[in-house]
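Comments concern the structure below.
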Amino acid sequence: MATKKRGTSNVPMIMGIIGSILQLPGAICAGACAAGIGGAAGASQSSVNETASTYMILGIIAALLGFIFGLMGKKSPVVAGVGLLIATVLSGITLITFNFFSLIAVILFLIGAIFSFVQKKEEVTV
Amino acid sequence: MHELHPLIDFGIFPIFNFITGVGFIFSYFLLNHNFKNIIDSKVKKDDIIIYLGLSFLIGIGISNIINWFIFPELSGKPYLFRILYAGYTFYFGLIGFLLSISIFLKLFNYDIAVYMNEIVPSITLFHGIGRIGCLLGGCCYGDICNVNLFLMEIERFPTREFSIIFLFTLTIIFQKYIKERRLIIYLILYPLFRFLIEFKRGDDRGHLFTDIFSPSQEISLLILFIVIMFMVLYHIKRKYLI
């Protein structure tokens, strides 16, 4: 019989879910804002489209990671914490386009990541 | 879109998504409460949230992709555009969710019948809360009816409100009175309700198999047919083969 440390807090899950929900429109905003900024800077249409898609896909990946790793908060707190940090960084990159939803998502993912690491752990026999 | 009230405007805030997320969290807490009825390890009960979340994602993915084909105006558009504008259909999401959660439960050695029985009240709660999201977000509205009731002028048939009342009532009934065979009962009652309420829906319902019924009505009939066939076969098997 092996023992394993598990988390006890629901906070990473809640932060992951709410964060990813807000990150989805954040991803759309990021794509649209990136296109707007690129257009204003006088970039070519294909370049603008490519930048917009990149930011949107980054935002969507951040939302998916935030959701999935948030759910893992109890099962593997360290993995969940690292995953939520990656989601925070990816959402943070989309913040370059100044969108409000990504800002909220970054804060929520970060809170989730911190709680994943510092939450009270319990030893269970597997 | 048909707004709830001219004074209630959430602007670009994704109120439907937000309420759906809140619904998912509340459903999880209800599920955790119901898991007290199951004799199994705490670790297994805790881990099920991961499979539920993944099944939820698979469900909404399937529901979004099938909508690409239901709404012909989306064909030929870029994938990102289709994902953004296709929306979600509850039935395809439900079917995707039920199939994937069954596979996960089987893969990780859960007792499918016992766990599915406890998941059903959470599905109805989630769906009821999701309908509040529809109400606030302005989708899934009813047909124009213009009825005067107790000095109130009702412009559109309250399909969302009826759905919310029905789903919350179903949740209470499952929690309080029906403790067994919940999935079968749910898969009979909800399609019946949905089939009827769809006649009064006023939004674009798309096209699946026929032009007579809406896609949701066709799926309701299909689910009812499958469930009734299952029950008949089960009855025959119990009566004559055992």
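Suppose we filter B:Ile66, B:Ile25 for residues that are surrounded by 18 or more Cβ atoms within 10 Å (Cβ to Cβ), of a type in the set (A, V, I, L, M, F, W, C) and either away from chain A (no Cβ under 12 Å) or outside any loop (DSSP other than H, G, I, E, B) (or both); which single one remains? Write out each step before concluding.
Details: B:Ile25 fails: surrounded by 18 or more Cβ atoms within 10 Å (Cβ to Cβ).
Testing whether each residue is surrounded by 18 or more Cβ atoms within 10 Å (Cβ to Cβ), of a type in the set (A, V, I, L, M, F, W, C) and either away from chain A (no Cβ under 12 Å) or outside any loop (DSSP other than H, G, I, E, B) (or both) leaves just B:Ile66.
The residue list B:Thr89, B:Thr20 contains one member that is more than 14 Å from every other protein chain (Cβ to nearest Cβ) and open to solvent by less than 70 Å² (accessible area, probe 1.4 Å), which is B:Thr89.
From B:Ile83, B:Ile123, B:Ile165, grab the single residue that is more than 27 Å from B:Gly11 (Cβ to Cβ), over 12 Å from the mean Cα position of the chain (by Cα) and assigned to a helix (DSSP H, G or I).
On the way: B:Ile83 fails: more than 27 Å from B:Gly11 (Cβ to Cβ); B:Ile123 fails: over 12 Å from the mean Cα position of the chain (by Cα).
Being more than 27 Å from B:Gly11 (Cβ to Cβ), over 12 Å from the mean Cα position of the chain (by Cα) and assigned to a helix (DSSP H, G or I) holds for just one of B:Ile83, B:Ile123, B:Ile165, which is B:Ile165.
With respect to being within 10 Å of the chain's Cα centre (by Cα) and within 30 Å of A:Thr3 (Cβ to Cβ), A:Ala87 fits the description.
The lone criterion from (1) over 27 Å from B:Tyr88 (Cβ atoms); (2) open to solvent by 80 Å² or more (accessible area, probe 1.4 Å); (3) part of a helix (DSSP H, G or I) left unmet by B:Asn146 is number (3).
In a residue-by-residue description of the stretch B:39-62, the property of being modelled with pLDDT of 75 or more, within 20 Å of the chain's Cα centre (by Cα), under 16 Å from B:Ile112 (Cα atoms) and among the hydroxyl-bearing types (Ser, Thr, Tyr) applies to at least one position. Please indicate, with yes or no, whether at least one residue in the stretch A:18-31 is more than 10 Å from chain B (Cβ to nearest Cβ) and open to solvent by 20 Å² or more (accessible area, probe 1.4 Å). Within the stretch A:18-31, none of the residues are more than 10 Å from chain B (Cβ to nearest Cβ) and open to solvent by 20 Å² or more (accessible area, probe 1.4 Å).
All conditions but one from (1) within 11 Å of chain B (Cβ to nearest Cβ); (2) without any contact (Cβ under 8 Å) to a residue 60 or more places away in the chain apply to A:Tyr55; the one that does not is (1).
Can you tell me which residues in the stretch A:60-82 are more than 8 Å from the chain's Cα centre (by Cα) and buried (at least 17 other Cβ atoms within 10 Å of the Cβ)? If the condition is that a residue be more than 8 Å from the chain's Cα centre (by Cα) and buried (at least 17 other Cβ atoms within 10 Å of the Cβ), then A:Ile60, A:Ile68, A:Phe69, A:Gly70, A:Leu71, A:Met72, A:Gly73, A:Lys74, A:Ser76, A:Pro77, A:Ala80, A:Gly81 are the ones that fit.
So, of the residues in the stretch B:28-63 that are of a type in the set (Ser, Thr, Tyr) and assigned to a helix (DSSP H, G or I), which turns out to be nearest to the other protein chains (Cβ to nearest Cβ)?
Of the stretch B:28-63, the ones of a type in the set (Ser, Thr, Tyr) are B:28, B:41, B:51, B:55, B:63.
When the remaining residues are screened for being assigned to a helix (DSSP H, G or I), the result is B:28, B:51, B:55, B:63.
Values: B:Tyr28: 8, B:Tyr51: 9, B:Ser55: 11, B:Ser63: 15 Å.
Per the stated criteria, the residue is B:Tyr28.
Residue count for the stretch A:5-17, restricted to those that are more than 10 Å from chain B (Cβ to nearest Cβ) and surrounded by fewer than 24 Cβ atoms within 10 Å (Cβ to Cβ): 3.
The values are calculated or read from the model by the stated rules, or taken from the named source; none is laboratory data. For clarity, every value in this text was computed on a predicted model and none was experimentally measured. All Cβ positions, glycine included, derive from the backbone under ideal geometry; neighbour counts span all protein chains shown. When the accessible area is computed, the model is the full protein with side chains, heavy atoms only, and any ligands, DNA or RNA have been set aside. Shrake-Rupley method; radii C 1.70, N 1.55, O 1.52, S 1.80 Å.
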